[in-house]
Amino acid sequence: MRCAVIGDPAHHSLSPAIHRAGYDANGLDWHYDAITVTPDELDGFVRGVIDDPGWAGLSVTAPHKEAMLAYGEADEPSLLVGGANTLVLRGETPTLHNTDVPGFVVAWRAATDEVPKRAAIVGAGATARAILVGLAGFGTREVTILVRNPDRAAGLLELARALDIPAEARLLSDPIEPVDLLASTIPAEATAPYARQWADSAAALFDVVYDPWPTPVAVAARDAGRIALNGLDLLAGQAVDQFYLLTGRQVTLEACRSAAEQELQRRQRL
């Protein structure tokens, strides 16, 4: 059977290392590749995969998560987030899933038993939406959204209302009240001017970036003695459910993270 991660580009993805390690651990003679697919190529590629019985499904990364909703029956997290990162072809009808949501939950629970009652999210894109949905599952009571332009937070604020979470948008530079978690979903370089003040206000910090590492947010978290999670935690967390959906077999968070970390270290040595 075949699987792949598609994106534009896709060559940087660590998903092949994670899934191939899972195949080895489960004795599966499967193949997993990283395939760059442009937006213009997406429809033809996905329909070709759906029509080919040799494919078990796809992992999906930027910029295709929103467009994937046209190719199957979407689960609730995909509909809430507005995008899917997994296409599954195991049944008669293609199904779509967003494993970033449970991935965030798995990564957080592996780091701490605390429940994030108050949180801040930096950015307002697809990953921010997935984190917000995950926070709703925790029962988070209040969210602050930090963005360069408050107008860009409109969609995330609307989602917060749908999830019945009180939320407000502020500028990146605005001070925030103490929170249990601050999750940054923006490029690392954009966080540098604010990382120290965020670390002063948050009990835990989650930066979805993993390369280059450490990011300014990670350094600030370490210096302040805070809990720090990064993009490898999220990548490994989402892979746990994704691997099961695609294969019906189990992998652990630790095994997924180890495979991703080893591949990242290998690339850094080249």
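Per-residue answers, yes or no, for (1) within 17 Å of MET1 (Cβ to Cβ); (2) of a type in the set (D, E, K, R):
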position: TYR23; (1), (2): yes, no
position: LEU28; (1), (2): yes, no
position: THR36; (1), (2): no, no
position: GLY44; (1), (2): no, no
position: GLY48; (1), (2): yes, no
position: ALA70; (1), (2): no, no
position: ASP75; (1), (2): no, yes
position: GLY83; (1), (2): no, no
position: GLY91; (1), (2): yes, no
Seminar exercise, completed: Being among the small types (Gly, Ala, Ser) and closer than 20 Å to ALA111 by Cα narrows GLY248, GLY155, GLY225 down to just GLY225
Problem set entry | helices (runs of 4 or more DSSP H) contained entirely in segment 52-171, each with at least 3 residues that are among the aliphatic types (A, V, I, L, M), buried (at least 18 other Cβ atoms within 10 Å of the Cβ) and in contact (Cβ under 8 Å) with a residue 12 or more places away in the chain | 100-111, 126-138, 154-162
For this session: Could you tell me which of the residues VAL251, VAL217 is touching a strand residue (DSSP E or B) at 6+ places or on another chain (Cβ under 7 Å), β-branched (Val, Ile, Thr) and either assigned by TED's automatic domain parsing to the domain that holds TRP30 or crowded, with 23+ Cβ neighbours inside 10 Å (or both)?
Result: VAL217
Seminar exercise, completed: Matching residues in segment 141-169 (of a type in the set (Asp, Glu) and closer than 18 Å to SER201 by Cβ) number 2
Seminar exercise, completed: Selection over segment 1-47 where residues are in contact with a Phe, Trp or Tyr (Cβ under 6 Å, 6 or more places away or on another chain), of a type in the set (Val, Ile, Thr) and in a helix (DSSP H, G or I) yields a count of 1
Exercise. Out of segment 86-107, which residues are of a type outside the set (Lys, Arg) and closer than 11 Å to GLY57 by Cβ?
Worked result: THR86, LEU87, VAL88, LEU89, GLY91, PRO94, THR95, LEU96, HIS97
Seminar exercise, completed: Of the listed residues (ASP207, ASP200, ASP211), the one being over 15 Å from LEU146 (Cα atoms), charged (D, E, K, R) and within 17 Å of the chain's Cα centre (by Cα) is ASP211
Exercise. Quick one: what pairs do we get from segment 38-49, first residue under 12 Å from LEU89 (Cα atoms), second part of a helix (DSSP H, G or I), C-beta under 6 Å, 6+ apart or different chains?
Worked result: VAL46/TYR71
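The values are calculated or read from the model by the stated rules, or taken from the named source; none is laboratory data. Since the model is a prediction, treat every value here as computed from it, not as a measurement. Please note: Cβ atoms are built from the backbone with ideal geometry, for glycine as well, and neighbour counts cover all protein chains shown.
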